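One structure is given here, and the rest of the page talks about it.
What follows draws every value from the coordinates through simple rules; no lab data is involved. All of these numbers come straight from a predicted model, not from anything done at the bench. Every residue, glycine among them, receives a Cβ derived from its backbone with ideal geometry; neighbour counts consider all protein chains shown.
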């Protein structure tokens, strides 16, 4: 049995007491699994992200997880503007053994990561964010719309690299892209109108 890296047990949360977004919601992710949260804007996808990272507190239930790293939708909010990308990668890990390999996989260069965030495009910076998340050697990666700044071909390549490393961690993907979720996920949780349905990938 694979090690569990994330557990939500009977979680209830809402911004008002009368309209909970989550009610007695449970979710588990094991190392090597990809699960996706899909739904329209405002349905509660990013709220789940905030609950897991402890930026919001569940009103009921229990959330536990092992070491996690996060990939945010806006890569510019993920990096300090006055330090190079490489410096900010080195801040979170001293293990850079796989850096050259990942740069090649993500079509980036050493010269680019020695630049400051504003010197890169949004797509380049998002790929740097994903590289940093992998190099942190987490047990769990939370990815909130990680491919929204990328074109479709690059987005697919990025997900292929994440899948290449998936034996090392569990991945919770928050996305509006149901096609992407169907392609990569072991399980999809669809959140709409305060209901949650789960289906296994074929």
Here, the chain modelled as identical Cα point scatterers in vacuum has Debye log10 I(q)/I(0) at q = 0.08, 0.18 Å⁻¹ of -0.27, -1.27
Which whole-number percentage describes the relative contact order of the chain, with Cα contacts under 8 Å and a sequence gap of 6 or more? 31 percent
Exposure proxy ranking, count of Cβ atoms within 10 Å, fewest first, for 92, 158: 92, 158
Estimated [θ] at 222 nm from DSSP helical runs (n ≥ 4, -39500 (n - 2.57)) normalised by residues in the chain, nearest 500: -8000 deg cm²/dmol
Round to the nearest 0.05 the FRET efficiency obtained for residue 97 and residue 2 when R0 = 25 Å and r is the Cβ-Cβ distance. 0.55
Once you put a point 7 Å from the Cα of residue 9 and another 7 Å from the Cα of residue 115, both along the Cβ direction, what distance in nm separates them? 4.8 nm
Among beta bridges that DSSP assigns inside the chain, antiparallel share in %, nearest 5: 50 percent
Taking N as the number of residues in region 26-98, what value does Rg over Cα atoms divided by 2.2 N^0.38 Å take? 1.38
Can you tell which of 37, 166, 130 shows the greatest fluctuation in a Gaussian network model of the chain with Cα springs below 10 Å? 166
When a footprinting reagent is the concern and you count Cβ atoms within 10 Å, what order do 159, 136, 1 take, fewest first? 1, 136, 159
Cβ-based exposure ranking for 185, 129, 78, in which fewest neighbours within 10 Å come first: 78, 185, 129
